[in-house]
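Report on the structure given below.
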Amino acid sequence: MKLRIFAWIILFFAGQFAIAQPGISDWIGVIESDETLKGAGLGIAAVDLATGAPLAKRDAALLLVPASTLKLLTSAAALEILGGGYRFRTEAGYRGEIKPSELLLAGDLVVKGGGDPALGSEWFPRHYSHPSFLQKWAEAVKDAGIRRITGNIVVDLGSYQTEVVPGTWVWEDLGNYYGAAPSGVNYADNTVRLFFRTPARAGQPAELIRVSPEIPGVKWKNEVRSSTDPRDLAYVFGSPLDDHRLITGTIPAGQTAFEVKAAMPDPPRVLGQMFAEALLRAGVLLEGKIIVSEEPVEMKLLAVTESPRLDEIVSYLNAESINLFAEQLVCQVAREKTGVGSWQKGLEMIQDFWRERGINEPFYMADGSGLSRFSGLSAQQMVAALTYMNNQAENGAAFKQSLPAAGEGTLYLFDPARFPNRSLRCKSGSMTRVRCYAGYLRCNSGREVAFAVFVNNFSGSQAGITRKIERLLSRWRENW
């Protein structure tokens, strides 16, 4: 009898809490009953955007690894600092003397980097490929009366520091496409594509049949094997400027041209090579070679390629979670404000931006994309940034529009039927034992909510924790 009374009292108070905080008690119940969340780090915060009233809070001040949700702080600050209409510029020109009677450039062609992260990107094919920006450069050379170049193609990185990659990125990430490093000159998402043929039987060596683009001097050591697992589980190892790459892991059996994406070794040099090939197709002979200069080069201008608007770049950055775009924005903030594209200085400036807007408690940005595990951010700090972008920012509408809705981009696992009419717009963040979501939720009542849910060090599957968070957000939408 006493046990029944005690159980009734517990249920009564649990019910009262559920009425006061719809959905939060459900989450607490999941934590208490689900073995995969035992010992996990959890931070939850949600506020009413109209009133600022807190709607949910659990360890909201706990600093956790935010994974790719950190891109929200980077992209929002970049939009506000640079402006939504900002465009990157890449310039092509020459130094030396043009001799019209000989159709000769006695000197070098120069490509001056402007930090464009989308130059030749697969995300903007129409912008850069109709016609190709390289073809436009080659035609500009011809229009200047040049058919032969005695010198080199010099790729000028002089206005950027050569930090290459954040020092806290792990070795397993560096050689893969999502570990592509920012640069003063980027090309084709700094990504190279490897194509494999695999035998029908699992456990056999895979054959590397093609590399695109081909990069002279790079040696690919292939240890990939076929597997019954349908996933791409191949990993590429190698530092950004090294000419050796090791490919390990497995890919599906029975494939004729299975594609694996890797970080491109030395993108500025590859762009120079692609420019040389465009010149050759246009009937212009280059006698020299490709040189990458870390010192500024004086030149006379022949052609300019501008990027899409920054707000367009940010829309892909957040929807598809493109690490390269985020890291390049960090560098570009510093370049525009100091004259030098410094990744470290850019991080400092972005953190200062948020401190000036009220995020005064300590937080840590070890990079701009969230690929590093050394970053530390709390759910309430994330919600403060989201609230600022919604209520005060000049570029708030563009920022909000950049976040994918359920079923889109990196939210492809979320069921759109749970969040009709794009009522959920948020960014996901995922790495091993880390799953985070942050963004905006429009509830059935019409209430607009900014929220962050960070989970670190859970022992279950990524798909399992994703479903739990999806259910939590769905309950909030229905009950708030």
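Nothing in this text is a laboratory measurement; each read-out follows from the coordinates by a stated rule. The shown structure was predicted, so the numbers you read here are calculated from the model rather than taken from an experiment. All Cβ positions, glycine included, derive from the backbone under ideal geometry; neighbour counts span all protein chains shown.
Things to note:
- Cα convex hull, the stretch 227-337: 203 Å³ per residue, rounded to a whole number.
- Sorting the Cα pairs of the chain by distance into bins of 10 Å, from 0 upward, gives 4, 18, 26, 23, 16, 8, 3, 1, 0, 0, 0 percent per bin.
- Calculated P(r) tail over 13 Å for the stretch 162-213, as whole % of Cα pairs: 68
- Whole-Å semi-axes of the ellipsoid equivalent to the stretch 171-263 (Cα gyration tensor, √5λ, descending): 24, 12, 11
- Across the stretch 408-480, the convex hull enclosing all Cα atoms gives 76 Å³ per residue.
- Remark on M264: its backbone amide H falls under 5 Å from those of T191, V192, a criterion applied only to residues 5 or more positions apart or on other chains, H modelled at 1.01 Å from N.
- 5 angstrom amide H check on Y160, placed H, neighbours 5+ away: G341
- By DSSP, the beta bridges lying fully in the stretch 171-263 are antiparallel in about 70 percent of cases.
- Highest average packing first - 75-84, 241-250, Cβ atoms within 10 Å: 75-84, 241-250
- Greater than 21 Å apart at Cα, pairs in K71/K400; K38/K468; K261/K468; K221/K289: K261/K468; K221/K289
- Evaluating 6.51 cos²θ - 1.76 cosθ + 1.60 at θ = phi - 60° for every residue in the stretch 470-480, the Karplus couplings come out as 4, 5, 4, 5, 5, 5, 4, 4, 6, 9, 8 Hz, glycine and proline recorded as x.
- Taking amide H as placed 1.01 Å from N in the peptide plane, G120 has its amide H under 5 Å from the amide H of A188, each at least 5 places away in sequence or on another chain.
- Protection proxy ranking, peptides 214-225, 166-177, average beta carbon neighbours within 10 Å, highest first: 166-177, 214-225
- Given charges at Cβ of Lys, Arg, Asp, Glu: the stretch 51-116 dipole, positive-most of L72, G113, G96: L72
- Among 365-375, 302-312, the order from most to least packed when residues are scored by Cβ within 10 Å on average: 365-375, 302-312
- Listed by chain and number, the aspartates and glutamates placed with their C-alpha closer than 16 angstrom to that of K57 are D26, D48; residues fewer than eight positions away on the same chain are left out.
- The Cα-based radius of gyration of the stretch 109-248, divided by its Kirkwood radius, gives an Rg/Rh of 1.04.
- Projected onto its three principal axes, the C-alpha set of the stretch 121-197 covers 49, 34, 26 Å, listed from the longest axis down.
- DSSP bridge orientation in the chain - percent antiparallel, rounded to nearest 5: 75
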